[in-house]
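To start, the structure itself, in structure tokens.
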Amino acid sequence: MATLELRNVNKTYGAGLPDTLKNIELKINDGEFLILVGPSGCGKSTLMNCIAGLENISGGAILVDDADISGMSPKDRDIAMVFQSYALYPTMSVRDNIAFGLKIRKMPTAEIDEEVARVAKLLQIEHLLSRKPGQLSGGQQQRVAMGRALARRPKIYLFDEPLSNLDAKLRVEMRTEMKLMHQRLKTTTVYVTHDQIEAMTLGDKVAVMKDGIIQQFGTPKDIYNNPANLFVASFIGSPPMNFIPLRLQRKEGRLLALLDSGQARCELPLGMQDAGLEDREVILGLRPEQIVLAGNEPSGLPTIRAEVQVTEPTGPDTLVFVNLNDTKVCCRLAPDVAPNVGETLTLQFDPSKVLLFDARTGERLGVAGVPKAEAHNANVTQFKGR
């Protein structure tokens, strides 16, 4: 196991070309599970390849246990990588695929057999050892690729979208298996994905990337509850956060967000916000689960009556869409709520859950009346290069 630190890492493919990675700063502790998440082309796989040594960095340093490995060849870094394509040898048995790296390192045969048996038992593929990759399902091939990496017992594991080729049901099952495996092994792990569900469920820490820049780094809970900007807020969460453009108004010393459903209006009090925000164009962010049906008893929270446009029963909940400020807004309601299209619901908001973003820059403005620099849980790391 090991610590991993990236110091001001840059990557460019030539003069005059834009940087693929820009001033990447990250540090994960011994045994932590880091998720690199972002859309296709954001640089996450390039960053993974740089850590593995498959790509050279253009600037900065990569450190493992405080030792700079930036100039080392891949074989000397003591890092194992599982690729998206699995990269198994088709003519070798599962046993030989797992043992291949150990044979290259000239490990004694008895120790190789012992290690293959250990890994096969851990991944529950003992009955597959004599088969060839072509005789395996996608999930089984994925386990073999993991087994080949596990057999080396490296300091760090790297996973490059290992579940993306699996069907939805198997992907969920393997996600659970990977989390259990990490809990048992407690090995430092970096995992690349574009799936924000994987990011939220697997990682101890999450780095959200866009255009070669880390937009935010923190725990899944931090990033979900306190996104640094519109991109992070929109990328993390399913269904995604609602964004409602509006102008703030000040009334009796309080800033208000005015919501209009076409049937009714609601003044959403935001408390004492930064000076000068009134009459400013902002984007109000509110997650679907934070818009609920008003109960029979008064709660003191703001409510609004709105007409149902669409309903989407999902099983564990019901997604209901209404229009607020001429914007489609998703509400996540209880599964037994099944309103008809055209029906009017009374919805309730909690102002303390409202997020505000600058309409021009997309940057976070604050939380429920508290300036951004003092916002609760304000341990979100802002990185250079943004």
Taking every DSSP beta bridge with both residues inside the chain, roughly what % is antiparallel (nearest 5)? 80
If each residue's Cβ is checked for other Cβ atoms within 10 Å, how do 182, 127 rank with the fewest at the top? 127, 182
Relative to the Cα centre, what is the charge dipole magnitude of the stretch 4-234, using +1 at the beta carbon of each Lys and Arg, -1 at the beta carbon of each Asp and Glu, and rounding to the nearest 20 debye? 520
Please check which bits of the stretch 55-85 a label hung off residue 8 would reach, taking the label as a point 7 Å along Cα-to-C-beta and the cut-off as backbone N under 15 Å. 58-63
For residue 292, the net charge from surrounding residues (Cβ-Cβ under 13 Å; K, R +1; D, E -1) works out to 0
Residue-averaged [θ]222 nm for the chain, counting only DSSP H segments that reach four residues, each worth -39500 (n - 2.57): -6500 deg cm²/dmol
I'm checking a number: the convex hull volume of the Cα atoms of the stretch 91-144, normalised per residue, in Å³. What is it? 71
According to the square roots a ≥ b ≥ c of the eigenvalues of the Cα gyration tensor, what is the shape class of the stretch 1-72, taking rounded for a/c under 1.5, prolate for a/b larger than b/c otherwise, and oblate for the remainder? oblate
If 184, 175 are placed from fewest to most neighbouring beta carbons inside 10 Å, the sequence is 184, 175
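Read-outs throughout are calculated quantities, based only on the coordinates presented, and are distinct from any laboratory measurement. Since the structure is predicted, the reported quantities are computational estimates derived from the model, not experimental observations. Cβ atoms come from the backbone with ideal geometry, glycine included; neighbour counts cover every protein chain shown.
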